[in-house]
Amino acid sequence: MSGGRRLPVWACLGEAVRFLPRAWSGAWAALILVGLAEAAPLVLSSLGKLPPGGWAPAALVVAAIAAVLVADGALYRLGVFGGQARAEGLGFAGLQFGLPELRLFGAQALISLFLTMIAIAAVVVLAVALTAAELNGVAFGKIHTLADLRGLAGPVQLGVLGVLVVGIAAIFLLLTVRFSLYGAATVGRRRVVSLNALGVAEGSFWPLLFGLVLASAPAVALFVWQHGMSGLTGRNLLIFHGLQALAYAFVQKPLTAGFLSAAYRRLEYLPAGPDGK
């Protein structure tokens, strides 16, 4: 069983960093596709072809999903199987689309459906709580401070609502972290791993959460960078969006995949590392 094994977070993070050059050399074309998919909506919005906050064209969404599946298939083959990735179907520069990619799509669809059902249940619980607290008719969009809310509800009502909100957020955090190994497990086990991904990560919630937080440092830096460059326009804005997309594709995505692959190998007692040894 994987749940009894201690997950060495720092060792996994170290492998994730060392995994970057292998990801760049083995899946560079797939990562470029991810960068293009990431940049396309931003560039189209900058050019006025896509309304800010509007829906992207269906073709663009399908292309983005396909690009992510191809990249994930390549990265997890490299991360889980190391030097045996070619034997597992890794294509030239990470370009391939076979059963592993279809399994990844199926696993993600099942997990998304499950989380959607949980979200619907959470909305129902909150609606019942608001009704019980006699707050169901309140226009929450007009509430800007805690004092505004205090004027509409007593301390007990606020406490109950606060506990519910925190509890629902904790459940989603728990599920998100426990499901995080689904990609590595789907590729590693050569079958769809969706809800049973919860068992793969059993007993490793806190190490996984800590590792994912640290591995997300590039994403946080990109977010800060984006807000620091909010005054850019025209050509400079297009260049910025391109650099931002490349940073996500070539740093954040392979770093996260490298960490999750390293964590999965340890929880499943697999010997292969990112160097293939």
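Taken over the range 105-118, the criterion of being among the small types (Gly, Ala, Ser) and exposed (fewer than 13 other Cβ atoms within 10 Å of the Cβ) is satisfied by Ala109, Ser112.
Inside the range 180-199, residues that are assigned to a helix (DSSP H, G or I) and either over 17 Å from the mean Cα position of the chain (by Cα) or more than 22 Å from Ala109 (Cα to Cα) (or both) make up a count of 3.
If I ask for residues that are among the β-branched types (Val, Ile, Thr) and under 22 Å from Arg190 (Cβ atoms), which ones from the range 57-73 would you list? Ile65, Val68, Val70, listed by residue number.
If the condition is being farther than 15 Å from Phe240 by Cα and crowded, with 18+ Cβ neighbours inside 10 Å, then the range 24-36 contributes Gly26, Ala27, Ala30, Leu31, Ile32, Leu33, Val34. So for the range 153-167 (the condition being more than 30 Å from Leu209 (Cα to Cα), modelled with pLDDT of 95 or more and in a helix (DSSP H, G or I)), does at least one residue qualify? Looking for residues that are more than 30 Å from Leu209 (Cα to Cα), modelled with pLDDT of 95 or more and in a helix (DSSP H, G or I), one finds none in the range 153-167, hence no. The C-beta contact set for the range 182-193 (first residue under 17 Å from Leu208 (Cβ atoms) and without any contact (Cβ under 8 Å) to a residue 60 or more places away in the chain, second residue surrounded by fewer than 24 Cβ atoms within 10 Å (Cβ to Cβ) and among the polar types (S, T, N, Q), distance under 8 angstrom, 6+ apart or interchain) is empty.
Only one of Leu60, Leu113 is touching a helix residue (DSSP H, G or I) at 6+ places or on another chain (Cβ under 7 Å) and more than 24 Å from Arg266 (Cα to Cα). Can you tell me which? Explain how you work it out, then say what you get.
Details: Leu113 fails: touching a helix residue (DSSP H, G or I) at 6+ places or on another chain (Cβ under 7 Å).
Result of the check over Leu60, Leu113: Leu60.
If you go through the range 19-61 and keep only what is basic (Lys, Arg) and modelled with pLDDT of 95 or more, you end up with just Arg22. Criterion applied to Leu102, Leu69 was being surrounded by 13 or more Cβ atoms within 10 Å (Cβ to Cβ) and either in contact with a helix residue (DSSP H, G or I) (Cβ under 6 Å, 6 or more places away or on another chain) or modelled with pLDDT under 95 (or both), and the one residue passing it is Leu69.
Residue under question is Ala257, and the condition is that it be surrounded by 13 or more Cβ atoms within 10 Å (Cβ to Cβ), at pLDDT 95 or above and either acidic (Asp, Glu) or in contact with a helix residue (DSSP H, G or I) (Cβ under 9 Å, 6 or more places away or on another chain) (or both); does it hold?
Numbers: surrounded by 13 or more Cβ atoms within 10 Å (Cβ to Cβ): yes; at pLDDT 95 or above: yes; either acidic (Asp, Glu) or in contact with a helix residue (DSSP H, G or I) (Cβ under 9 Å, 6 or more places away or on another chain) (or both): yes.
Considered against the rule, which asks whether it is surrounded by 13 or more Cβ atoms within 10 Å (Cβ to Cβ), at pLDDT 95 or above and either acidic (Asp, Glu) or in contact with a helix residue (DSSP H, G or I) (Cβ under 9 Å, 6 or more places away or on another chain) (or both), Ala257 comes out as yes.
The values are calculated or read from the model by the stated rules, or taken from the named source; none is laboratory data. Keep in mind it's a predicted model, so treat the numbers as computed, not measured. All Cβ positions, glycine included, derive from the backbone under ideal geometry; neighbour counts span all protein chains shown.
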